[in-house]
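Right, one structure below, let's go through it.
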Amino acid sequence: MRHGNKRKNLSRTAAHRRSLLMNLGSQLIVNKRITTTLAKAKALRTYIEPLITKTKRNDSKEVISHNHRIVFSYLNDKAAVKELFTVVAPKVASRPGGYTRIIKLGIRVGDNAEMAMIELVDFNEVYGKHIAETTAAAEPVKRTRRAGGKKKAAEETSTEETKNENE
């Protein structure tokens, strides 16, 4: 029976699973996007998002150094920890959560495994450019009540009637 076993074991021992998630997590932070199986991507998301949240706390110097140590204990990669605190943390500072995106890619030919791409949301240039262009080009939306639309239509018809009378 499987009562209370919510952890995704990935058919590995605890040490092997921890090592796998360390390597996937550090590669995700360094490369900003990796391709893996769907099950590993879902397990990685639950592993990496709390670590990214820890980088956002800037209370004092002691808290920052303590968070560095905690994140390093999960990743065991100095370059990834430095990248996480210097590059990733400022970009995700305003985001309340959901730092990663999983995109399904189909199945792998060799073993029919479902593949997925996991990426950091704020580092995708394709979506970021599109959103920036649309927000810059779009005018602010006027918020009016529904009754205002009838008044505007009535004003337009009255101005057209006055133009026709003047001609």
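The values are calculated or read from the model by the stated rules, or taken from the named source; none is laboratory data. Model, not experiment: these values are computed from the prediction. Cβ sites come from the backbone with ideal geometry, for glycine too, and all protein chains shown count toward neighbours.
Structure notes:
- Residue in segment 14-27 that is among the hydroxyl-bearing types (S, T, Y) and surrounded by 15 or more Cβ atoms within 10 Å (Cβ to Cβ) present: yes
- Test: residue in segment 67-75 that is in contact with a Gly (Cβ under 9 Å, 6 or more places away or on another chain) and either surrounded by 14 or more Cβ atoms within 10 Å (Cβ to Cβ) or over 20 Å from A116 (Cα atoms) (or both): yes
- Any chance I48 is crowded, with 17+ Cβ neighbours inside 10 Å and either under 30 Å from E125 (Cβ atoms) or at pLDDT below 95 (or both): yes
- Checking each residue in segment 77-97 for being within 16 Å of the chain's Cα centre (by Cα) and surrounded by fewer than 11 Cβ atoms within 10 Å (Cβ to Cβ) picks out S94, P96, G97.
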